[in-house]
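None of the figures in this text is laboratory data; all of them are computed from the coordinates on show. Nothing here was measured: the structure is a model prediction, and the numbers come from that model. So basically every Cβ, Gly included, is an ideal-geometry build from the backbone, and we count neighbours across all protein chains shown.
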């Protein structure tokens, strides 16, 4: 058994090394055999400090220690614990294990093995980096050039985002895109991409996750604690097993996408949305303007984009929970974070003459529950976008994080609102249409955003930056509106 475990560890590191050669961004921690290490923002109900240390290791290597020091000058060394892995995940995830440990309260420095990780949030947050939709798309109908840092610039975006020295990072979901065997005539584009597993009814695998996220995202893992959302690419039938193993911040969700055997067939759950959770930070440009920001995190991995389905009623409980928490806690301001935008537009080039409004189930599920929020943050649509609907919080979409972009044109401001048809008629008898937008803005280029608080409690500036870190647009967020303009 010992020899088998050693062989497994060596094999895993060898495969990871070959993937690293393709993406050019991997440095193994030989002291701990860790493939990646990072700090997740987590609910304080599960981790008192709100920070959870994670390490991805080769199977059989043994969990490293989490060590560090506190503000009182005390040092600590804690053995990390294995995160449960689905028993039926089999060969798709056999090469790796995941270790985790809550970072103690009042920690000022921390290491996983010999690798330094972010240990704490500042007392007052002044810079938030935000991005989403980052993986390299490989499907039967489209192959992104994963070997070209201009065509798939995730590693470049990660490096430039880290250089901006954010206090915290928000990723809005959709990390896993390697969902098909690389076509024979596109081998030069796929960068040795691992194929989907043959033993499971899913497209995700550990090696796919390593190539799509763990290697190219390491610069942002080193830069700051990161809040990870689940996207539709992390549904259980796609990359869900990997999301709950690597990135879900809740200890209780490790087995949420665990396969089971039903009538002799291996199946995975569907419509398995996670409970809404939240974090609260002190933010401000100075001590005089410091205030409480509540972030409500909603799992929108499922649902229909173009129609209202019965799933909207299931999803509504997530928005009820978010609205209820904001109503009870009464923060100075609150943002709602969910992968699928409640008010997001896609290009007319993609709608076949139908309405441009996206995520109909989310728009229906959220009706009447957004009064306590000053801003909606999402991705899902592969552009940078801002939408203002009368009586609703401004919606900012940041889905330009490296996955292949949507068409560059076709985003004129619609004369009809979400949940309406082009002629203004009701899209579905299950939901009431929203008013037409007062303004929209869309820019189609790779990048991310840096959010900084203003002098008032609900005023922010979001600077959009391209994959090389150059500013290209500016958004002013105030009075529940998000008004953006291109600057280059």
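Note on region 275-380: Rg/Rh from Cα positions, Kirkwood definition for Rh, rounded to two decimals, is 1.05. With neighbour counts taken as other beta-carbon atoms within 10 Å, the residues 138, 117 rank, fewest first, as 117, 138. Here region 37-171 is treated as an ellipsoid with the same Cα gyration tensor; its semi-axes, largest first and in whole Å, are 29, 23, 13. Ranked by how many other Cβ atoms sit within 10 Å of their own Cβ, fewest first, the residues 47, 168 fall in the order 47, 168. Annotation for region 397-435 versus region 148-180: alpha-carbon center distance of 26 Å. Compute the label zone of residue 483 within region 404-448: residues whose backbone N is under 19 Å from the point 7 Å along Cα-to-Cβ. So the set is 413-414, 436-443. The calculated FRET efficiency for the pair residue 328 and residue 67, based on their C-beta separation and a Förster distance of 45 Å, comes to about 0.75. One equal scatterer on each Cα of the chain, no solvent, Debye formula: the resulting log10 I(q)/I(0) at q = 0.06, 0.07, 0.11, 0.12 Å⁻¹ is -0.25, -0.34, -0.88, -1.06.
Each listed q (0.09 Å⁻¹) maps to a log10 I(q)/I(0) for region 341-488 from the Debye sum over equal C-alpha point scatterers, namely -0.26. Potential lengthening of the chain between residue 252 and residue 313 amounts to 19.5 nm, from the contour at 0.36 nm per residue minus the alpha-carbon distance.
Only beta bridges with both residues in the chain are counted; by DSSP, about 75 percent of them are antiparallel. Modelled label positions at residue 150 and residue 91, each set 7 Å beyond Cα in the direction of Cβ, lie 3.9 nm from each other. Taking label positions 7 Å along the Cα-Cβ direction at both residue 106 and residue 185, the computed distance is 6.6 nm, reported to one decimal.
Here 109, 188, 404 are placed in order of increasing Cβ neighbour count within 10 Å, fewest first, which gives 188, 109, 404.
How many angstrom separate the Cα center of region 287-326 from the Cα center of region 199-222? Answer, in whole Å: 26.
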